[in-house]
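Structure first, then comments.
Each value in this text was obtained by applying a stated rule to the coordinates, not by laboratory testing. The shown structure was predicted, so the numbers you read here are calculated from the model rather than taken from an experiment. Note that we place each Cβ from the backbone using ideal geometry, even for glycine, and neighbour counts take in every protein chain shown.
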Amino acid sequence: MLLSEKIDDVLVLKCGTEIKGQVFYTTRLYYYLNLLIDTGCPHTAYEVRDFISGKEVKAVLLTHYHEDHAGGAFLFENVYAPEKSLELLRQPPELPEYRQIIWGQPKPVNATPLDEEMEFDDVVVEIIDTPGHSFDHVSFLINDKLFIGDVIGSKRVLVAMKEEDYKGVIDSVKKILSLDFEKAYGGHVILTRGEIEEFLNYLMDLESRVRELSSGGESAEEIVNLLLSNVPQKVLLMEQVSNMEWARVNLIRSLLP
């Protein structure tokens, strides 16, 4: 599945895999000023390539190595990625079965490392380190448009991957709020500055409550039951299907003192 729309001169491509006629998870990539920011997942790689084929692509910029963002990069030239991503892009690890079903297994990509600032003809791109969701994550500021990958995955996060560091996410969100931008374009959400501030306040409040409960002797599992017991069925299903690779307890552990 591939859908497109134009938002403030940014071409937004939304893609996902149909499973028994339904698309359970989607990801976004962006085409702006002849630059492609992220490439979607392996399952939709050829759809994205064919859609973009009539457009000039001066460079492909990857925010991080995850398969739903870098999965189509093997079909493009002039691919740039964070230096920390390069080895994982060259030799992608074999993914758990559920991720292969949802997104697909990535193919090797030879990418060029990003600098702190890059220029493609007359388009200047500022690269900002924004780790937390992944160790290699970066964001891109182009004019007044900020492309944030998965710095923020949803307006109210309830689960986290085992590798995620939400203290790092808090720092990264504070960093991007210091930048001059009108709108932030993410892999799963498009946010205003006000919405990002609300997300930061939510996360900092959650961290404070986790710290208080932890200091009182509560374990991570007990804190989940106290703070995150009333969640949508989709959250419980995600924990089960992923064998706890995505889970509420991972979020709580990443916020512990």
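How much length, in nm to one decimal, is gained on full extension between GLN105 and GLU212, taken as 0.36 nm per residue of separation minus their Cα-Cα distance?
Working: separation 107, 0.36 × 107 = 38.52 nm, distance 4.07 nm.
The span from GLN105 to GLU212 would gain 34.5 nm if fully extended.
What's the magnitude of the charge dipole for region 1-59 around its Cα centre, counting Lys and Arg as +1 and Asp and Glu as -1 at the beta-carbon? Answer in Debye, nearest 20. Mind showing how you got there, number by number?
On the way: 7 positive and 8 negative charges, 21 e Å.
Using Cβ point charges on Lys, Arg, Asp and Glu, region 1-59 gives about 100 debye.
When the alpha-carbon atoms of region 19-100 are used, the pair Rg, Dmax equals 12.9, 38 angstrom.
Here region 1-137 is treated as an ellipsoid with the same Cα gyration tensor; its semi-axes, largest first and in whole Å, are 23, 19, 13. Averaging 1/r across all pairs of distinct Cα atoms in region 93-185 and inverting the result yields a Kirkwood radius of 15.0 Å.
Summary of packing: across the peptides 158-165, 137-144, 38-45, the per-residue average of other C-beta atoms within 10 Å ranks them, highest first, as 38-45, 137-144, 158-165.
Show me the ranking of peptides 110-121, 218-229 by mean Cβ neighbours inside 10 Å, starting with the highest. Intermediate results must be reported in sequence, preceding the final value.
On the way: 110-121: 13.4, 218-229: 15.6.
Descending mean neighbour count gives 218-229, 110-121.
Kindly identify region 184-257 as rounded, prolate or oblate by the Cα gyration tensor criterion: order the square roots of the eigenvalues as a ≥ b ≥ c, call it rounded if a/c is under 1.5, otherwise compare a/b with b/c, prolate if a/b is larger, else oblate.
Working: a/c = 2.36, a/b = 1.22, b/c = 1.94.
Since a/c reaches 1.5 but b/c is at least a/b, the shape of region 184-257 is classed as oblate.
For LYS6, put the label point 7 Å out on the Cα→Cβ axis and report which residues of region 29-73 keep their amide N under 14 Å from it. From region 29-73, the list is 31-34. Relative intensity of region 74-136 on a log10 scale, I(q)/I(0) at q = 0.12, 0.22, 0.26 Å⁻¹, equals -0.39, -1.04, -1.18, per a Debye sum over C-alpha point scatterers of equal strength in the absence of solvent.
Give, rounded to the nearest 20 debye, the magnitude of the charge dipole that the chain has about its Cα centre when Lys and Arg contribute +1 at Cβ and Asp and Glu contribute -1 at Cβ.
780
If the chain linking ASN201 and LEU226 were pulled fully straight, counting 0.36 nm for each residue of separation and taking away their Cα-Cα distance, it would gain 7.1 nm.
DSSP loop chymotrypsin sites (Phe, Trp or Tyr not before Pro) in region 1-57 with at most 16 other Cβ atoms within 10 Å of their Cβ, which ones?
In loop regions of region 1-57 (DSSP not H, G, I, E or B), there are no sparsely surrounded chymotrypsin sites (Phe, Trp or Tyr not before Pro).
Mind telling me which of GLY71, GLY187, GLY54 comes out most flexible in a GNM of the chain, alpha-carbon contacts under 10 Å? Fluctuation is largest for GLY54. For the residue pairs LYS175/LYS234; LYS14/LYS58; LYS58/LYS174; LYS14/LYS145, the C-alpha atoms sit more than 28 angstrom apart in LYS175/LYS234; LYS58/LYS174. When the square roots of the Cα gyration tensor eigenvalues are ordered a ≥ b ≥ c, the ratio a/c for region 119-257 is 1.5 or more and a/b exceeds b/c, which makes its shape prolate.
Backbone phi angles across region 88-103, fed through the Karplus curve with coefficients 6.51, -1.76 and 1.60 (θ = phi - 60°), yield HN-Hα couplings of 5, 6, 5, 10, x, x, 6, 7, x, 4, 5, 6, 5, 5, 6, 10 Hz in residue order; Gly and Pro are listed as x. For region 1-60, GluC sites (Glu not before Pro) meeting the loop criterion (DSSP other than H, G, I, E, B) and having at most 10 other Cβ atoms within 10 Å: GLU56.
Based on a Kirkwood Rh over C-alpha pairs, give the Stokes-Einstein translational diffusion coefficient of the chain at 10 °C and viscosity 1.306 mPa s in µm²/s. Could you put the intermediate results ahead of the total?
Details: Rh = 18.8 Å.
Taking Rh from Cα pairs, D becomes 85 µm²/s.
Rg and Dmax, both from the Cα atoms of region 2-46 and both in Å, are 11.3, 36. Given a cut-off of 15 Å, what percent of all Cα-Cα pairs of region 29-69 lie beyond it? In whole percent, the share of Cα-Cα pairs in region 29-69 beyond 15 Å is 35.
Applying the Karplus relation 6.51 cos²θ - 1.76 cosθ + 1.60 with θ = phi - 60° to region 158-163 yields 3J(HN,Hα) values of 10, 10, 9, 6, 4, 7 Hz, where x marks Gly and Pro.
Computed from backbone phi with θ = phi - 60° and the Karplus coefficients 6.51, -1.76 and 1.60, the 3J(HN,Hα) list for region 43-48 is 5, 10, 4, 6, 4, 5 Hz; x is used for glycine and proline.
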